[in-house]
Amino acid sequence: MIFHPGILALVIGSALLTLMTAYGVLLGVKVFLRWDFQSSSAAQLALERKTSLISTIASYVLGFQIISALLFVYTVEDIHPLFVGAMCATGSLNANPVGWYALFSKIIVCFAAGLWIVLNHLDQQGEDFPLVRLKYLLLTLLLPAITLDSVLQLRYFLGLDPDIITSCCGSLFSEADVSVAGSIAGLPVLPSIIVYYAGFALLLLFAVLSLYSKNPLPRYFLAVFAAAFFLVALAAIVSFISMYIYELPTHHCPFDMLQREYGRIGYPLYVSLFGGVFFGLLPGIFRPLWNIPSLRETVQRVERTWILLSMGGLMFFVAMTSYRIYS
């Protein structure tokens, strides 16, 4: 099992990424403690060269961390035929429940890594590097999360046994099941649809207000509604969108749509949802940077791009799901 190409790539890649992050943190601690942009000493010049090196390493590492989340989902889906009773990625994850924790940790690390990459990019746009200490503090906090993610992933893959009989989506995402997944699958369709479209409409409203107003409130509301819509959309996929994709009223699995039989529609759906929500969070999270003189114009300029990307991603997601529902 461990010699599956995808598993080998994930395990080895995660180990290397963790080690490179740890190396970046060690250098970052020195920068954090000794940084003084007003100084022209040799030590400060050396720190400025180091921060360029660390930023490059960390950006690539965290970028690969995001890609590894997609590879993890693809691999878990790809190995399901190896387990008796598994029909999709749900069966693979149920073969060793640690896999669910690994999946959740990857989602969290994916968002956190994206935020750090954006923060690092903004810092490099300021002539006085105003976010140096903050970004290396956050990188230090990211290290335990990345390490935990690697450990959970390794425990999951090492704990897989091809001889085990696993349960699949028919039992987990069932309206008769008393678990959280079963409760979401059993949500009434009409109220769920109303909440889904109402949440999207509010999100668009605050996105448009953020485009044409300098008031910070719409940006904060946009971030809140983006986070809320992420949960609403995931629940909608399980409760009613999946039924229209599979054309079966009892099929609620969020993973089968990754398969060839359904045109792998799950990949563009999830990428557009995650991307749209991520960019929707940015204007609210980074609005306080308007108070930094060297970053104010940069943040204002790039903020418009974030909002448009968020609107584009989520409109694509809603358009695809709506086409399946109403076609």
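The values are calculated or read from the model by the stated rules, or taken from the named source; none is laboratory data. From a predicted model like this one, the values you see are computed outputs, not experimental measurements. Quick reminder, even Gly has a Cβ in these numbers, built from the backbone with ideal geometry, and neighbours come from all protein chains shown. Only protein heavy atoms, including side chains, enter the accessible area calculation; ligands, DNA and RNA are left aside. Shrake-Rupley method; radii C 1.70, N 1.55, O 1.52, S 1.80 Å.
Report Rg(Cα)/(2.2 N^0.38 Å) for the chain, keeping two decimals.
The value comes to 1.10.
Just to confirm, what accessible area per residue do you get for the chain at 1.4 Å probe, in whole Å²?
48 Å²
Gain in length, residue 197 to residue 179, computed as 0.36 nm per residue apart minus the alpha-carbon separation, to one decimal in nm?
Going from the current span to full extension adds 3.9 nm.
Rounded to the nearest percent, how much of the accessible area of the chain (1.4 Å probe, protein heavy atoms only) is carbon and sulfur?
Whole-percent figure for carbon plus sulfur exposure: 71.
Can you tell me the relative contact order of region 105-177? Whole percent, Cα pairs under 8 Å, sequence separation 6 or more.
33 percent
Using the basic label-point model (7 angstrom from Cα toward the beta carbon), what is the residue 60 to residue 327 distance in nanometres?
Roughly 4.1 nm, to one decimal.
FRET efficiency for residue 212 and residue 290, Cβ-Cβ distance as r, R0 = 22 Å, nearest 0.05?
0.85
Lysine pairs in the chain with alpha-carbon atoms under 23 Å apart, 8 or more places apart or on different chains: how many are there?
4
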